[in-house]
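As structure tokens, the structure follows; a few thoughts come after it.
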Amino acid sequence: MPELRIDPLTGLRTIVAAERATRPGADWNIPPRAPLDPEADPFLEGHEGRTPPELFALRPNGGAPDGPGWTVRVVPNLYPSLAPADDGGASAPPTDPLAPGRGEPDLFPSRPATGANEVIVNAPTAAGSLLDLDPEQVETAMEGWRERMRAHEDAAYVHVSVNEGSEGGASLPHTHAQLYALPFVPAAVARERERFTAYRDRTQGRNLLEDLLQDEVRRRERVVAIDPEAVAIAPFASRVPFQVQVIPRRPRARFEDDGPLGARMLHQVLGRLRGALGELPPLNLWVRTAPRGAEHFAWRIDLLPRLTQLAGLELGTGVHLNVVAPERAAEALRDAT
């Protein structure tokens, strides 16, 4: 029988209907990714002149900006989603027309979309996925993510995401992350912040994600892998088949804070996905970190393969339909090599 589950972190609801995975057309048909064309790759080392001037780079042996010798390189997005504020800071976001107050509400609020939109090139070599890198380079790339998040400490929220494959929204195949420094806290993040705070108040000071992780490890059924830094699980209310979360073993509010990054676990999870599914699927992953000023939170990485399409239920109600039970997904990933 289908089961309705509620995500303890987000409050979102998912219908787990595993029997639908046997309906016609429900098998995974993941084509192999096309190899990168080095000549057409603007992110390849030696092609620095094809991008905007760099904002930051990790150069272990030194070297001039906008030249070779880097391990991670950051440039402004050539087609930015956010523009710098004229006053040098982030402008105030539009006011919700139904926010508390008096007077006639503005039913069509808008403001300039200000902030920062950066591209973080994860490696100088021709690699189409984080999985194509060795674990040490994934860790170096994630150190670059952390440094750029720290550079935007005045933003209300900094979102770092990686899109892989055209179905995942990647416009260029060379592995890279996108950073968005936002002048507001997105509703999904604000909702999680409220749930962390409510849980702390209800349990006399405990951390929601820390308790959830301890319970998952005790139960074992949704655990994918454990290493000295992090635990990978298939979340209880996974929104899509083979969703995975990488959670640090010692919770910290912010990814930007010093401490383990979980890079080797992330690399391992990508390898297990490829082993379980035959090919690495298009995917999206992002760092969920504490918004500015949040006292009670814990960061994690969410990874969502793009194996199914969002349809009228998901788009119309926000309720997801998952045709692979997380317990089954975790078992398949544990068994994968």
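The values are calculated or read from the model by the stated rules, or taken from the named source; none is laboratory data. The structure displayed is predicted, hence computed values, not measured ones. Note: ideal-geometry Cβ built from the backbone for every residue, glycine included; neighbour counts use all protein chains shown. Protein only, heavy atoms only, side chains kept; ligands, DNA and RNA dropped before computing areas. Shrake-Rupley method; radii C 1.70, N 1.55, O 1.52, S 1.80 Å.
Only sites in a loop by DSSP and with at most 14 other Cβ atoms within 10 Å count here; which trypsin sites (Lys or Arg not before Pro) in the range 195-230 make the cut?
Sites meeting the loop and neighbour criteria: 206, 220.
In whole percent, how big is the carbon plus sulfur part of the accessible area of the range 180-337, probe 1.4 Å, protein atoms only?
47
Note down the magnitude of the dipole of the range 183-319 about its Cα centre, charges +1 on Lys and Arg C-beta and -1 on Asp and Glu C-beta and zero elsewhere, to the nearest 20 debye.
In debye, rounded to 20, the range 183-319 gives about 140.
Calculate, in whole percent, how much of the Cα-Cα pair population of the range 185-224 lies beyond 12 Å.
63
When only C-alpha pairs under 8 Å and at least 6 residues apart count, what is the relative contact order of the range 273-319, in percent?
This gives 32 percent for the range 273-319.
Along the range 154-163, what does the Karplus equation 6.51 cos²θ - 1.76 cosθ + 1.60 (θ = phi - 60°) give for ³J(HN,Hα), rounded to whole Hz, x for Gly and Pro?
In residue order, the calculated couplings are 7, 6, 5, 8, 10, 10, 10, 9, 10, 10 Hz.
Just how large is the dipole of the chain about the Cα centre, in debye to the nearest 20, putting +1 at every Lys and Arg Cβ and -1 at every Asp and Glu Cβ? Don't jump to the answer; show the numbers that get you there.
Details: 37 positive and 47 negative charges, 232 e Å.
For the chain, the charge dipole is close to 1120 debye.
Excluding residue 73 itself, what net charge comes from residues whose Cβ is under 10 Å from its Cβ, given Lys and Arg +1 and Asp and Glu -1?
That works out to -3.
Tell me, what HN-Hα J-couplings in whole Hz come from the Karplus equation 6.51 cos²θ - 1.76 cosθ + 1.60 at θ = phi - 60° for each residue of the range 53-68, using x for Gly and Pro?
x, 5, 8, 6, 7, 9, 10, x, 10, x, x, 6, x, 6, x, x
Using amide H atoms built in the peptide plane, which far-off residues or other-chain residues are under 5 Å from residue 72 H to H?
Excluding prolines and chain starts, which carry no amide H, the hits are 58.
Just reorder 216, 256, 194 by solvent-accessible area, largest first, 1.4 Å probe, all chains present. The partial results should precede the final answer.
Numbers: 216 10, 256 30, 194 115 Å².
Listed by decreasing accessible area, they come as 194, 256, 216.
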